[in-house]
Amino acid sequence: MSGHPITEEDLHGLVDGALDATRQAEVTAYLAAHPDVAARVESYRRQRAALREALCPVAEEPIPPELQIGRLVAARRRPAMAGWRAAAAVLLALGLGGTGGWWLHGLAGPAAGGTPAGIAALAQQAADTYAAYAPDMRHPVELRASSGAELVAWASDRLGRPVAPPDLSASGYRLMGGRVVPTPQGPAAMFMFDDDRGTRLVLLTRGMAADQNAPMARSSQGVVEAFTWAMDGTGYSLAGPLPADRLHPIADEVRRQISRI
């Protein structure tokens, strides 16, 4: 035994298969002696499996021809190609990394014909942001709740408007932290919450060019539900793997707190 205490990072590392053999044995022995913690780790495993099952069909989609590396490289070498198009293609290939970029196609920006706009786009972005960061067992947030003042100042500065995470402790969720994420409509602030039993929620907020005031609407993507609305030019979307009847009251509480700011 190493003598080092078992941390939350060790628990997530066990679920993620990231521990060496010695540490894995220590954590396994600890769980055998602490059934309450073992139950929490099992909930992490179930959530991971549910997300994998929900997102597997998206991950297995073929890469569109316009995003295939060979075509992008060939396009880059053609002098006749407009400069801005070539630059965009190369940046897409390098920045999104082929298959990974297509897996995050919901964040890639508007396309012609039927692409969601307004709160529909925000709802999709919240679901995509949840899929990208909530399963991350190591760095789901960039600034933790302990740096709350810095997080609020950073997000407000980037969005050009005051934003702050709600207090969801009465609903059983604590603030983990957050980060600023890109969207086609500009920066958005992501705040992540956790119920200490493996269930995470994401609140995404950004400025709205369309649907500047919109009533709350429900949407779903696989196991992820979202409730999205807009007030006074700012949009909000709360997303997570809860049944709609459980997520809706929490979204109502978020809206109630925000309306008092």
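The values are calculated or read from the model by the stated rules, or taken from the named source; none is laboratory data. Since the model is a prediction, treat every value here as computed from it, not as a measurement. With ideal geometry, Cβ positions are generated from the backbone for all residues, glycine too; neighbour counts draw on all protein chains shown.
I want to confirm something. Restricting to region 21-47 and keeping residues that are within 28 Å of the chain's Cα centre (by Cα) and among the acidic types (D, E), which single residue is nearest to R200 (Cα to Cα)?
In this case the residue turns out to be E42.
Looking at the structure I just gave you, is G148 in the same structural domain as A239 (by TED's automatic domain parsing), crowded, with 18+ Cβ neighbours inside 10 Å and touching a residue at least 24 places away in the same chain (Cβ under 8 Å)? Don't jump to the end; show me each part of the working.
On the way: in the same structural domain as A239 (by TED's automatic domain parsing): yes; crowded, with 18+ Cβ neighbours inside 10 Å: no; touching a residue at least 24 places away in the same chain (Cβ under 8 Å): yes.
No: the conditions fail for G148.
Residue-wise test of (1) within 22 Å of I258 (Cβ to Cβ); (2) modelled with pLDDT of 60 or more; (3) in a loop (DSSP other than H, G, I, E, B).
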{"site": "A74", "(1), (2), (3)": "no, yes, no"}
{"site": "P79", "(1), (2), (3)": "no, no, yes"}
{"site": "W84", "(1), (2), (3)": "no, no, no"}
{"site": "G114", "(1), (2), (3)": "no, no, yes"}
{"site": "A121", "(1), (2), (3)": "yes, yes, no"}
{"site": "A131", "(1), (2), (3)": "no, yes, no"}
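How many of the residues in region 133-152 are of a type in the set (D, E, K, R) and part of a helix (DSSP H, G or I)?
So the first thing to find is which residues in region 133-152 are of a type in the set (D, E, K, R), and the list is 136, 138, 142, 144, 150.
Checking the rest, the ones that are also part of a helix (DSSP H, G or I) come to 150.
The total comes to 1.
Residue check, A170 against (1) over 18 Å from S259 (Cα atoms); (2) surrounded by fewer than 18 Cβ atoms within 10 Å (Cβ to Cβ), all met but one. Which one?
Evaluating A170 over (1) over 18 Å from S259 (Cα atoms); (2) surrounded by fewer than 18 Cβ atoms within 10 Å (Cβ to Cβ) leaves (1) as the failure.
Check off (1) crowded, with 19+ Cβ neighbours inside 10 Å; (2) small (G, A, S); (3) farther than 21 Å from G118 by Cβ for A239 and give me the number that stays unchecked.
(3)
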